[in-house]
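The values are calculated or read from the model by the stated rules, or taken from the named source; none is laboratory data. Model, not experiment: these values are computed from the prediction. All Cβ positions, glycine included, derive from the backbone under ideal geometry; neighbour counts span all protein chains shown.
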């Protein structure tokens, strides 16, 4: 019964499996992937396509990596999971030591969870309980800037862009948060001091209600691939200190070297009070995340009633995920990753920038291992997706954005082919 051919498999997928951000009424036929290795995805019919998305930015070392495979296999032979309540294990402890080595030095306490969105929920919950523990329960709302994206779970959605984000239909049902305009000063450009004025005004009026300001440092990811000026983070950190507001850095997309720094907040040399990490923490092998906070936050929560942080996912501290994450961080830290990212950035800039002259392209921007081609109009997914595959690349656009976040192991020839696939597809859809 289950030895199905291609048509039978796709029929079940089409009629019964709901893919992310898709309609069950008019699904796009997905590519059936049989295996993956290095930077390549292999389809059921023998096509080999370069993955320009790193599985939604997570597979930084590519697929089927021997070091990560070995870490998973070795741990699987010991135990795949054990509850974290009242128990601990070597992979969780070793991973914690490695995380503490790479995060800002004010962050000393780690809470594991099973996805990036949940790590944001944990961070927000920490911030609220911190102020509750200090007898300031009125500080339970959050501030953020427009254009952001922090995940698809409930409170994470409340700090995503309420109008132009993908969750706008839920806006009236979600907790109401404070939003300020995102800075107009671009990364690497001139800083305009008025970009921080709205934050200053908001804090003056509402600091007694605001638990924390949450944002994606330097790069707004799924909210628009927007790169803003590092000075905004410097000014924001100062204002958070002045008005007694916590700062949460959502580094789920930007962490582990993606922007050229281990964590993007390092571009501004600031330390957040809470940092969220996920996506590439396991090199794309397993869903896993962590929320890291200061001793002040952890101690305040622990010293006051109820005296514990009331959160505990079933798969918290999963040994298999911890073992792979630990191996992944070692793999990254023991490499010349800064030089690697710099080379990827240089080549992406060189190869994609000619598209700026195309009549259908609004802007090309590159930072670290992120290359973005912003079109003037929203792309037609049903039309453009098969053409990328035809040209040998896997690119998953959204809105007006055609972008790539390649694996760090991608060599110059593979990256050239990836960029050529993007250019050829744009020329085929929009003309020369």
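Mind listing whichever residues of region 175-197 are assigned to a helix (DSSP H, G or I) and surrounded by fewer than 17 Cβ atoms within 10 Å (Cβ to Cβ)?
Once the filter is applied, which keeps residues that are assigned to a helix (DSSP H, G or I) and surrounded by fewer than 17 Cβ atoms within 10 Å (Cβ to Cβ), region 175-197 yields 193, 194, 197.
Just checking, does region 340-353 include any residue being free of Cβ contacts under 8 Å to residues at least 24 places away in the same chain and not assigned by TED's automatic domain parsing to the domain that holds residue 401?
The answer is no, given that none of the residues of region 340-353 is free of Cβ contacts under 8 Å to residues at least 24 places away in the same chain and not assigned by TED's automatic domain parsing to the domain that holds residue 401.
Among the listed residues 264, 323, 268, 289, which satisfies the condition of being free of Cβ contacts under 8 Å to residues at least 60 places away in the same chain, assigned by TED's automatic domain parsing to the domain that holds residue 82 and touching a helix residue (DSSP H, G or I) at 6+ places or on another chain (Cβ under 6 Å)?
Selected residue: 268, the only one of 264, 323, 268, 289 that is free of Cβ contacts under 8 Å to residues at least 60 places away in the same chain, assigned by TED's automatic domain parsing to the domain that holds residue 82 and touching a helix residue (DSSP H, G or I) at 6+ places or on another chain (Cβ under 6 Å).
For region 118-158, which residues satisfy the criterion of being in contact with a helix residue (DSSP H, G or I) (Cβ under 7 Å, 6 or more places away or on another chain) and free of Cβ contacts under 8 Å to residues at least 12 places away in the same chain? Please lay out each step first, then the result.
Residues of region 118-158 in contact with a helix residue (DSSP H, G or I) (Cβ under 7 Å, 6 or more places away or on another chain): 120-121, 124, 126, 129-130, 133-134, 137, 139-140, 142-143, 150-153, 155-157.
Listed by number, the list holds a single entry, 137.
Does region 411-419 contain at least one residue that is in contact (Cβ under 8 Å) with a residue 24 or more places away in the chain, crowded, with 21+ Cβ neighbours inside 10 Å, touching a helix residue (DSSP H, G or I) at 6+ places or on another chain (Cβ under 7 Å) and outside the structural domain of residue 187 (by TED's automatic domain parsing)?
yes
Being surrounded by fewer than 20 Cβ atoms within 10 Å (Cβ to Cβ), outside any helix (DSSP H, G or I) and under 20 Å from the mean Cα position of the chain (by Cα) narrows it down to one of 335, 287, so name that one.
287
Go through region 220-256 and report how many residues are under 21 Å from the mean Cα position of the chain (by Cα) and farther than 27 Å from residue 136 by Cβ.
Counting residues in region 220-256 that are under 21 Å from the mean Cα position of the chain (by Cα) and farther than 27 Å from residue 136 by Cβ gives 16.
Keeping to region 1-34, report how many residues are closer than 18 Å to residue 386 by Cα, free of Cβ contacts under 8 Å to residues at least 24 places away in the same chain and not in a helix (DSSP H, G or I).
Qualifying residue count, region 1-34: 10.
Looking at region 369-386 only, could you name the residues that are in a helix (DSSP H, G or I) and surrounded by fewer than 17 Cβ atoms within 10 Å (Cβ to Cβ)? If you could, list the steps in order and put the result at the bottom.
Our first condition is that a residue be in a helix (DSSP H, G or I); within region 369-386, this holds for 381-386.
Passing the criteria: 381, 382, 383, 386.
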